[in-house]
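**Q** Here it is: the structure, laid out below.
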Amino acid sequence: MNPEKGPQQGRAIRRARTVTLLAVFVAVIVSLAFDSGLGTPSSFGIGEFFLLCPLGGLEALLASKALIPVTLISLAVVAVGALLLGRSWCAWGCPAPVIRRFFKREPKFEGLGSGEGPNACAAGHPTDALATEDEGAGNGGKPQGCAAKTAVRSLWRDRLAHAGRDPRTWTLVAVLVAALIAGFPLFCLVCPIGLTFGTVGSLWHLIVDKQMTFSVLVFPAALLVELVLYRKWCMNLCPIAGLLNLFGQFAQFGRPRINEATCLRADGTPCTACTAVCSERIDMHDADGAIQLGDCTRCGECAKACPTGSITFALKAQGEDRPAVAPTAEEPVAG
């Protein structure tokens, strides 16, 4: 195996992500400049066909308590995309990570591998509420940690437990309940995606049309509070990530894979390079690593950071019953 293959692929993915994000911003500016009506990722389309943000659409549906066809169509399109590529939007289309990197406010985590973060499921942290005495049989009736629980539980139960541990799932539930009670899509007022493109639009009108509005000050201020002052917004609170995670568990295309034969951990070296750079702190070596990969954003940073080039991204779907890591040195790593 070429030790540079993984890092090269990671760097290529980062360049492609940058180009994609720039294309989105250029499209928005072109839409403003020529009044083409393309819109923004919160609501975009061509002619009579347009799509809504899936969360905003759900909020509108619950707030109006009426069936809105465009909302159902938008949800179907997003669901199909998420079932194929999981949470790729978070790395390839969402402006929030770019804003954090610009202000050098990436979230910091201590004690990697010791059970911190929403995906924590390490030995010594048997906090899963679904653990039972039967699962702890053979250990004095006590839970034996994540490895034993993962071996016993069904795949569906694993996924439900993972979603239940993720605080973004509960943020999503709270947002939808609030929209139903208030009769208004409240989260849309503070959504970082909407605020980002709202700021772009406000600045455009200020520079080109000489129109000064409060949004020029309010939108950037809200963004700073959400993404700069609170570093872990995306990891702990974002309900859009919570929604996409529900589909991401089934998305097999483009998942990272590890060649165990060349990975430093195969020799017992306590390497955490891939987990340290992962925005989701996914540990593919963990007992529930395959479940954690449901949160993968396909950002490519793990492949770029791997010191032995052992991580590559599969360009084809992996079966549900197939492990997230390559079991032998002879098995070719999908690239």
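**Q** Filter region 200-241 for residues that are more than 24 Å from the chain's Cα centre (by Cα), closer than 28 Å to Leu58 by Cβ and of a type in the set (S, T, N, Q) and give the result.
**A** Scanning region 200-241 gives Ser202, Ser215.
**Q** Quick check, is Val24 of a type in the set (A, V, I, L, M), part of a helix (DSSP H, G or I) and in contact with a strand residue (DSSP E or B) (Cβ under 6 Å, 6 or more places away or on another chain)?
**A** no
**Q** Let me ask another. Which pairs have Cβ atoms under 8 Å, sit 6 or more apart or on different chains, and link a residue in region 82-105 that is farther than 16 Å from Tyr230 by Cβ and basic (Lys, Arg) to one that is assigned to a helix (DSSP H, G or I) and modelled with pLDDT of 90 or more?
**A** Between residues of region 82-105 that are farther than 16 Å from Tyr230 by Cβ and basic (Lys, Arg) and residues that are assigned to a helix (DSSP H, G or I) and modelled with pLDDT of 90 or more, the close pairs are Arg87/Ala241; Arg87/Leu244; Arg87/Asn245; Arg87/Asp295.
**Q** Pairs only if they're at least six apart or on different chains, beta carbon under 6 angstrom, first in region 164-176 and within 19 Å of Gln292 (Cβ to Cβ), second assigned to a helix (DSSP H, G or I) and of a type in the set (S, T, N, Q); list them, first residue then second.
**A** Once the first residue is within 19 Å of Gln292 (Cβ to Cβ) and sits in region 164-176, its partners that are assigned to a helix (DSSP H, G or I) and of a type in the set (S, T, N, Q) give Pro167/Asn236.
Residue by residue, here is whether (1) buried (at least 19 other Cβ atoms within 10 Å of the Cβ); (2) of a type outside the set (Lys, Arg); (3) within 24 Å of Val26 (Cβ to Cβ) holds:
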position: Ala161; (1), (2), (3): yes, yes, no
position: Asp166; (1), (2), (3): yes, yes, no
position: Leu180; (1), (2), (3): no, yes, no
position: Trp204; (1), (2), (3): no, yes, yes
position: Lys210; (1), (2), (3): no, no, yes
position: Phe219; (1), (2), (3): yes, yes, yes
position: Leu223; (1), (2), (3): yes, yes, yes
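**Q** If you don't mind, there's one more thing I want to ask. Looking only at region 237-280, which residues are under 16 Å from Cys90 (Cα atoms), touching a Lys or Arg at 6+ places or on another chain (Cβ under 7 Å) and assigned to a helix (DSSP H, G or I)?
**A** Leu237, Pro239, Ala241, Gly242, Leu244, Asn245, Gly248
**Q** Now for a different question. Keeping to region 17-37, report how many residues are of a type outside the set (Val, Ile, Thr), within 15 Å of Val98 (Cα to Cα) and touching a residue at least 40 places away in the same chain (Cβ under 8 Å).
**A** Here the count works out to 3.
**Q** If you don't mind, another one. Do you know which residues across region 40-80 are farther than 19 Å from Phe187 by Cβ and either among the charged types (D, E, K, R) or crowded, with 19+ Cβ neighbours inside 10 Å (or both)?
**A** The one that is farther than 19 Å from Phe187 by Cβ and either among the charged types (D, E, K, R) or crowded, with 19+ Cβ neighbours inside 10 Å (or both): Glu48.
The values are calculated or read from the model by the stated rules, or taken from the named source; none is laboratory data. Given the structure is predicted, the values throughout are model-derived calculations rather than measurements. All Cβ positions, glycine included, derive from the backbone under ideal geometry; neighbour counts span all protein chains shown.
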